[in-house]
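The values are calculated or read from the model by the stated rules, or taken from the named source; none is laboratory data. Bear in mind that the values here come from a model prediction, so they are computed numbers and not experimental data. A quick note on method: Cβ atoms are made from the backbone with ideal geometry, for glycine too, and the neighbour counts reach across all protein chains shown.
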Amino acid sequence: MNIKAVVFDYGGVICFPPSQENLAELEKLTGLDQKTLWELNRKNRGEWDRGTFNGIDYYRHILSGAGIFPDDNSLEEITLTDMEGWKRINSETVQLMHDLKAAGLTIGICSNMPNDFYSWAKDELPVFMVSHVNVISCSCNIIKPEIGIFELLQKQINFEFGEIVFFDDFADNVAAARGLGMKSFIWEGADAARKIIETSLGKKL
């Protein structure tokens, strides 16, 4: 592969998934078990990431559908607890990003992310300053795996699809990017990603 850019998803790639402690706190605050809450998020969360809802309105929407009607203060606490779960940065991923940047590759982040979180993260998390290009769903109102977000990424990164490597922890997102010609891989950790890139480059990072 002729690699010129490497792009990373955020949730589950740059950061770890929410901890069991965080999920248990959400369960307590929402009154829903983790399985039910996961299913509601699976069906609905894309619209929070797209920017259709803010966090309070999103949780009001999904919880009211489940017959639960928290007040605004409780909804704010639920939203903040949710976002707290996505703040545990994977230092190995960030080191890989630094190493790739030092090797002369363009670094990107392409993620589904609500504005409630991104408005904080873009200024507070140094990883967003490591990347050259950040394509975030709430800023363009397009979510993965919709192809428009990958087309926007390619336009901003200014390389051909085949010159971009993309890592994501969701198979649908990987498949959508691959369908456009991007070199896309399921995230299996920083070491595995490093080996893929080193093999392609024919050198150690």
*Do the conditions hold for Ser184, that is, is it closer than 27 Å to Ile56 by Cβ and either assigned by TED's automatic domain parsing to the domain that holds Arg45 or crowded, with 22+ Cβ neighbours inside 10 Å (or both)?*
no
*Any idea how many residues of segment 169-205 are of a type in the set (Lys, Arg) and within 19 Å of Gly148 (Cβ to Cβ)?*
1
*Those residues that are outside any loop (DSSP other than H, G, I, E, B) and surrounded by fewer than 19 Cβ atoms within 10 Å (Cβ to Cβ), I need them from segment 7-25; list them, please.*
Gln20, Glu21, Asn22, Leu23, Ala24, Glu25
*asked:* Could you tell me how many of the residues in segment 27-58 are surrounded by fewer than 16 Cβ atoms within 10 Å (Cβ to Cβ), within 19 Å of the chain's Cα centre (by Cα) and among the charged types (D, E, K, R)?
replied: 3
*Using the structure shown, decide if Ala24 is modelled with pLDDT under 95, touching a helix residue (DSSP H, G or I) at 6+ places or on another chain (Cβ under 9 Å) and small (Gly, Ala, Ser).*
no
_Please count how many residues of segment 152-180 are within 17 Å of Thr106 (Cβ to Cβ) and either of a type in the set (Ser, Thr, Tyr) or free of Cβ contacts under 8 Å to residues at least 60 places away in the same chain (or both)._
8
*So Ile78, is it in a helix (DSSP H, G or I) and outside the structural domain of Ser111 (by TED's automatic domain parsing)*: yes
*Complete set of residues in segment 78-128 that are of a type in the set (S, T, N, Q) and in contact (Cβ under 8 Å) with a residue 40 or more places away in the chain*: Thr81, Asn90, Thr93, Gln95, Thr106, Ser111, Asn112, Asn115
*Please work out which residue is surrounded by the most Cβ atoms within 10 Å (Cβ to Cβ), limiting yourself to segment 91-141 and to residues that are under 29 Å from Asn44 (Cα atoms) and acidic (Asp, Glu).*
Asp116
*Can we say Leu75 is modelled with pLDDT of 95 or more and more than 19 Å from Pro18 (Cα to Cα)?*
no
